Amino acid sequence: RLLVSRSDDAGSRFSNPVAVTPELENIAADGENRLRIAVAHDGTVLLVWVQALPQRFTANIRFSRSTDGGKTFSPPVTLNDDGRVTGHSFASLALNGTGRVAIAWLDGRDRDAVRAQGGKFAGSSVYVATSADNGASFTANRALTRHTCECCRTALAWTPQGPVAFWRNLYDDNIRDFALVYLDNALDNTQVRRATDDQWRIEACPHHGGDIAADASGGLHLVWFTNGATRQGLFYKRIDGAR
């Protein structure tokens, strides 16, 4: 079960755990596949997690929220709307605090569909669902881009220009560098921007996603690990707020 506790005294004491999942679920919680929690300005608590399914490398993106400060939670819902038993994992969560919510994840539906027709498909896709009412309802799933690294976590941040997604992408011949996109401007793949150029060519997934934060002026702050041809190690990069 997924449990949540809260503190009203700066962490000196915590409440008794509240069960978010009324039924038992196999909840994925490894280093890259993390649970996500956020709190809106009105106290609404939002949770997103990955429910591992019995078949290997298959999962669902699950969501629940509390409108009473974490005392009770809504029945969990599955956000991926494709109905496929495939990979849906590595979810990230961001909100503006006043109603807008974005959730992004890696998704295997496009890969499965192409391969079922005998085609070739490298990596996964990034999909997103958004809400304008603090998670009471969500839009249909939307593909941000295809051919991404399949096991590095996604990341989201909220800027004055809206939500920004950050993930490890596939370029050329298995080069696994990072990309980003402003979701409100991501009507097609032409808006996806390459954020790093490390030339990390590897015939496997690094299992090491990056992270992103935004400041009040809209500046983006990126951190990531690479073992590329041009640089190796942990790195930081700042991007000015202009899209």
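The values are calculated or read from the model by the stated rules, or taken from the named source; none is laboratory data. Treat the numbers as computed from the prediction; the structure is a model and nothing was measured. Cβ placement follows ideal geometry from the backbone for every residue including glycine, while neighbour counts extend to all protein chains displayed. Surface accessibility is based on the protein's heavy atoms, side chains included, excluding ligands, DNA and RNA. Shrake-Rupley method; radii C 1.70, N 1.55, O 1.52, S 1.80 Å.
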Hey, Asp240 open to solvent by 40 Å² or more (accessible area, probe 1.4 Å), charged (D, E, K, R) and closer than 21 Å to Ser92 by Cα or not
no
Please find, within region 169-198, the residue that is surrounded by the most Cβ atoms within 10 Å (Cβ to Cβ) out of those that are at pLDDT 95 or above and in contact with a Gly (Cβ under 6 Å, 6 or more places away or on another chain).
Phe178
Does Gly99 count as touching a residue at least 60 places away in the same chain (Cβ under 8 Å) and either surrounded by 18 or more Cβ atoms within 10 Å (Cβ to Cβ) or more than 20 Å from Gln191 (Cβ to Cβ) (or both)?
no
Please specify each residue of region 148-186 satisfying the condition of being part of a loop (DSSP other than H, G, I, E, B) and charged (D, E, K, R).
Glu150, Arg153, Asp172, Asp173, Arg176, Asp177
Given the conditions (1) open to solvent by 30 Å² or more (accessible area, probe 1.4 Å); (2) of a type in the set (Gly, Ala, Ser); (3) part of a loop (DSSP other than H, G, I, E, B); (4) over 15 Å from Ile37 (Cβ atoms), which single one is not true for Ser74?
(4)
When the residues of region 33-57 are filtered to those that are of a type outside the set (A, V, I, L, M, F, W, C) and open to solvent by less than 20 Å² (accessible area, probe 1.4 Å), which remaining residue is farthest from Ser89 (Cα to Cα)?
Thr44
Quick one: count up the residues across region 208-220 that are among the hydrophobic types (A, V, I, L, M, F, W, C), more than 15 Å from Phe166 (Cα to Cα) and either open to solvent by less than 80 Å² (accessible area, probe 1.4 Å) or part of a strand (DSSP E or B) (or both).
0
Let me confirm something: among Ala143, Ala136, Ala113, Ala122, which residue is aliphatic (A, V, I, L, M) and part of a strand (DSSP E or B)?
Ala143
Take Val223 and tell me if it is surrounded by fewer than 18 Cβ atoms within 10 Å (Cβ to Cβ), in a strand (DSSP E or B) and in contact with a strand residue (DSSP E or B) (Cβ under 7 Å, 6 or more places away or on another chain).
yes
Which members of region 102-133 meet the condition of being closer than 24 Å to Ile37 by Cα and surrounded by fewer than 16 Cβ atoms within 10 Å (Cβ to Cβ)?
Ala132, Asp133
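Each row is one residue, and each column tells you yes or no for (1) without any contact (Cβ under 8 Å) to a residue 24 or more places away in the chain; (2) farther than 18 Å from His221 by Cα; (3) not polar (S, T, N, Q).
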{"position": "Thr148", "(1), (2), (3)": "no, yes, no"}
{"position": "Cys151", "(1), (2), (3)": "no, yes, yes"}
{"position": "Ala155", "(1), (2), (3)": "no, no, yes"}
{"position": "Thr159", "(1), (2), (3)": "no, no, no"}
{"position": "Val164", "(1), (2), (3)": "no, no, yes"}
{"position": "Asp177", "(1), (2), (3)": "no, no, yes"}
{"position": "Val181", "(1), (2), (3)": "no, no, yes"}
Somewhere in region 8-31, is a residue within 20 Å of Ala157 (Cα to Cα), open to solvent by 20 Å² or more (accessible area, probe 1.4 Å) and in a loop (DSSP other than H, G, I, E, B)?
yes
